[in-house]
1. Have a look at Ala159, Gly65, Ala109 and report the one farthest towards the positive end of the charge dipole of the range 61-202, computed about the Cα centre with Cβ charges (Lys/Arg +1, Asp/Glu -1).
2. Could you give the accessible area per residue of the range 182-243, probe 1.4 Å, as a whole number in Å²?
3. Where the accessible area of the range 96-143 is counted over protein heavy atoms with a 1.4 Å probe, how much of it, in %, is carbon and sulfur?
4. Evaluate E = 1/(1 + (r/R0)^6) for Ala250 and Asp183, where r is the Cβ-Cβ distance and R0 equals 45 Å; express this FRET efficiency to the nearest 0.05.
5. Please identify every one of the GluC sites (Glu not before Pro) in the range 155-261 that sits in a loop by DSSP and has no more than 16 other beta carbons within 10 Å of its own beta carbon.
6. Give the residue list of trypsin sites (Lys or Arg not before Pro) in the range 75-119 that are DSSP loop and have at most 11 other beta-carbon atoms within 10 angstrom.
7. Quick one: putting +1 on the C-beta of Lys and Arg, -1 on the C-beta of Asp and Glu, what dipole do you get for the range 127-244 around its Cα centre, in Debye to the nearest 20?
8. Testing the spin-label approximation: label points 7 Å from Cα along Cα→Cβ at Gln108 and His231. State their distance in nm.
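The values are calculated or read from the model by the stated rules, or taken from the named source; none is laboratory data. What you are looking at is a predicted structure, and each value in this text was computed from that prediction instead of being measured. Cβ placement follows ideal geometry from the backbone for every residue including glycine, while neighbour counts extend to all protein chains displayed. Protein only, heavy atoms only, side chains kept; ligands, DNA and RNA dropped before computing areas. Shrake-Rupley method; radii C 1.70, N 1.55, O 1.52, S 1.80 Å.
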Amino acid sequence: MSVIKQLRRKCNCQSRLLCTLLVLLAGCADPAWPGRPNQADRPKTPDQILSFAPLYRQNCAGCHGANGKLGAAPPLNDPLFLAIVPDAELTKVVTEGRRGTPMPAFFQAVGGALTEAQIKIVVEGLRTEWGGDMQRDASLPAYELTRVAGVQSAAGSRARGEEVFTRACAGCHGKHGAGLDRDGTLGSAINVPAFLALISDQALRRIIITGRSDLGMPTYAESDGRPDDFHPLTPAEIDDLVALLADWRATGPVVAGAASQ
């Protein structure tokens, strides 16, 4: 075979190979071509997740419950809570966490997993998903504790708190918060050092106001399990209860009749 024929054959083979490659490349441009990756199916990096449901599931559900209820932490699926907590406070807690409690900081700049945009999505998503129709108004107690010299502090009285506790709380939590005997088992105790050490005064105030509907605990205004003449707790009475529980955290319960200011 002459050299010219060999060169022609070689060129023909290369041309056919080139044509084949061009056809394959053209097919890859077709979204329907088998095996072509779908952009929507590509895995997302953590900071690319920009919808509430997966952000809540990955970062909040472990403590606050899969549907915002029945978690170890207070429920977020609570219209009363979402009506009283200011946006700035909710954003701050998600961003910075709560010092001295299991609530961590979620902002990336302080070691968390979420971007500023993702925190905004979580905060707005809580209100959209679970805020309901309840609106903040002057008839609702203030969410935040009284601030003394810039520091949050319960402004109430332990002595008055004992009186309020007896009327509003002892029916479920027992005298001095020691719990009630139900069929030989002590339950619903709240004067428990481990519990009080893990919850802030602000969270105590929140639970006194909102109750825990997922666990059957009434709000500050509901009369379930309370005396017939019960009236909604006033802001001052809420302060007194927080002061009592904060004092129990530090010193434990007092004996009957020995309450002090």
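1. Ala159
2. Accessible area per residue, the range 182-243: 48 Å².
3. 51
4. 0.85
5. When the GluC sites (Glu not before Pro) of the range 155-261 are filtered for loop state and at most 16 Cβ neighbours within 10 Å, Glu222 remain.
6. When the trypsin sites (Lys or Arg not before Pro) of the range 75-119 are filtered for loop state and at most 11 Cβ neighbours within 10 Å, Arg99 remain.
7. Charge dipole of the range 127-244: 340 debye, to the nearest 20.
8. 5.3
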